[in-house]
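The values are calculated or read from the model by the stated rules, or taken from the named source; none is laboratory data. The structure displayed is predicted, hence computed values, not measured ones. Every residue, glycine among them, receives a Cβ derived from its backbone with ideal geometry; neighbour counts consider all protein chains shown.
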Amino acid sequence: MNDNTIFDRDILRLARNRRASNWQDYNWLKQEAASRLVDTLFDIKQNFALALDLGCHGGELGQIMLASGKVGQVISCDLAEKMNPQIVCDEEFLPFADNCFDLVTSCLALHNVNDLVGSLVQIRSSLKPGGFFIATIYGVNTLKELRESAVDAACLLDFPLSPRVAPFVDIRDAGALLQRSGFALPVASSEEIVVNYSGVGKILDELRGAGEANILSQRSRKITPLAYFAAIDQCYSEKFAMPEGGVAATFELITLAGVKA
């Protein structure tokens, strides 16, 4: 593995395959983000004969697109074969010829590619001239509470810090990514969803269930002491408790959109 590799894609594939059988128990955020993404299609006057659902997971986005009447046919692809996509492929190495699709969409699947600009360039190439790209990715404020609590707990216990939460895209950089990839009319917008969880344990359980556990290449391979998780829970509860009980967790959803001129 290259020293500059941020994400271990092999671990991601294994995690997603392991969770495929009960993915529907953890796909609520995918469903919500997919619904919001499809809403943006109604801002575009044209319909789309052929669309690619890149990183399809359980096919949530494709199903909503077809039901909307805006899309005639959807090709689903995913890194994990047990998600049963039509095409198994890595978002970093797309197998599609140039000028294939009228629309390429991706919902919560591009945040852990190692070269996002490289993937966007490939996506643009696969679009027909005048074709649209629309994606939802996690923004930098996603799980900000967990990130801060992990740092606080490490300081409290004098515990060595290890990367635990993936680096996400800053909305200030999102439009520039599209421009660097060659898209015309680039647009980036952001919205936040704040969720009430019973505690840190529930958050971590949901991340594992969604196949979103730590896949950072520089993650620690050592067993994490239970005392550290207890300290994270303590710090989290002290800072981010919600008035009605439970704790807050933020998910920032960034929508990227562009056109192949």
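Figures for the structure shown
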{"read-out": "Every pair of residues 6+ apart whose Cβ atoms lie under 8 Å, when the first sits in the range 153-164 and is surrounded by 12 or more Cβ atoms within 10 Å (Cβ to Cβ) while the second is of a type in the set (A, V, I, L, M, F, W, C) and at pLDDT below 70", "value": "Ala154/Leu161"}
{"read-out": "Count of the range 213-229 residues which are part of a loop (DSSP other than H, G, I, E, B) and out of contact with any strand residue (DSSP E or B) (no Cβ under 9 Å at 6 or more places or on another chain)", "value": "10"}
{"read-out": "Where Ala184 falls short, out of the listed (1) closer than 21 Å to Leu29 by Cβ; (2) among the hydrophobic types (A, V, I, L, M, F, W, C); (3) surrounded by fewer than 21 Cβ atoms within 10 Å (Cβ to Cβ); (4) in contact (Cβ under 8 Å) with a residue 60 or more places away in the chain", "value": "(1)"}
{"read-out": "Residues satisfying the stated conditions in the range 36-49, i.e. part of a helix (DSSP H, G or I), of a type outside the set (Val, Ile, Thr) and under 10 Å from Ser68 (Cβ atoms)", "value": "Asp39, Leu41"}
{"read-out": "Hey, Val74 part of a loop (DSSP other than H, G, I, E, B) and among the aliphatic types (A, V, I, L, M) or not", "value": "no"}
{"read-out": "Residues of the range 130-156 satisfying the condition of being assigned to a helix (DSSP H, G or I) and within 20 Å of Val194 (Cβ to Cβ)", "value": "Lys144, Glu145, Leu146, Arg147, Glu148, Ser149, Ala150, Asp152"}
{"read-out": "Out of Ile232, Ile203, sole residue that is part of a helix (DSSP H, G or I) and either free of Cβ contacts under 8 Å to residues at least 60 places away in the same chain or under 22 Å from the mean Cα position of the chain (by Cα) (or both)", "value": "Ile203"}
{"read-out": "Members of the range 240-261 found to be among the small types (Gly, Ala, Ser) and touching a Phe, Trp or Tyr at 6+ places or on another chain (Cβ under 9 Å), listed by number", "value": "Gly246, Ala248, Ala249, Ala257, Gly258, Ala261"}
{"read-out": "Number of positions in the range 102-129 that are within 22 Å of Lys30 (Cβ to Cβ) and in a helix (DSSP H, G or I)", "value": "4"}
{"read-out": "Hits in the range 240-261 - residues which are outside any strand (DSSP E or B) and in contact with a helix residue (DSSP H, G or I) (Cβ under 7 Å, 6 or more places away or on another chain)", "value": "Phe240, Lys260"}
{"read-out": "Subset of the range 34-58 (residues that are touching a helix residue (DSSP H, G or I) at 6+ places or on another chain (Cβ under 8 Å) and not aromatic (Phe, Trp, Tyr))", "value": "Ala34, Ser35, Leu37, Val38, Leu41, Ala51, Leu52, Asp53, Leu54, Cys56, His57, Gly58"}
{"read-out": "Residue among Ile223, Ile193, Ile232 that is surrounded by 20 or more Cβ atoms within 10 Å (Cβ to Cβ) and of a type in the set (Val, Ile, Thr)", "value": "Ile232"}
{"read-out": "Any hit, the range 73-82, residues being touching a residue at least 60 places away in the same chain (Cβ under 8 Å), closer than 20 Å to Leu120 by Cβ and surrounded by 14 or more Cβ atoms within 10 Å (Cβ to Cβ)", "value": "yes"}
{"read-out": "All positions within the range 235-252 that are buried (at least 18 other Cβ atoms within 10 Å of the Cβ) and free of Cβ contacts under 8 Å to residues at least 24 places away in the same chain", "value": "none"}
{"read-out": "Unmet requirement for Arg18, which otherwise passes all of (1) under 28 Å from Asn196 (Cα atoms); (2) over 19 Å from the mean Cα position of the chain (by Cα); (3) surrounded by 14 or more Cβ atoms within 10 Å (Cβ to Cβ); (4) not aromatic (Phe, Trp, Tyr)", "value": "(2)"}
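Okay, residues lined up against (1) buried (at least 21 other Cβ atoms within 10 Å of the Cβ); (2) within 15 Å of the chain's Cα centre (by Cα); (3) touching a residue at least 60 places away in the same chain (Cβ under 8 Å):
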{"site": "His111", "(1), (2), (3)": "yes, yes, no"}
{"site": "Asn114", "(1), (2), (3)": "no, yes, yes"}
{"site": "Ala135", "(1), (2), (3)": "yes, yes, yes"}
{"site": "Leu143", "(1), (2), (3)": "yes, yes, yes"}
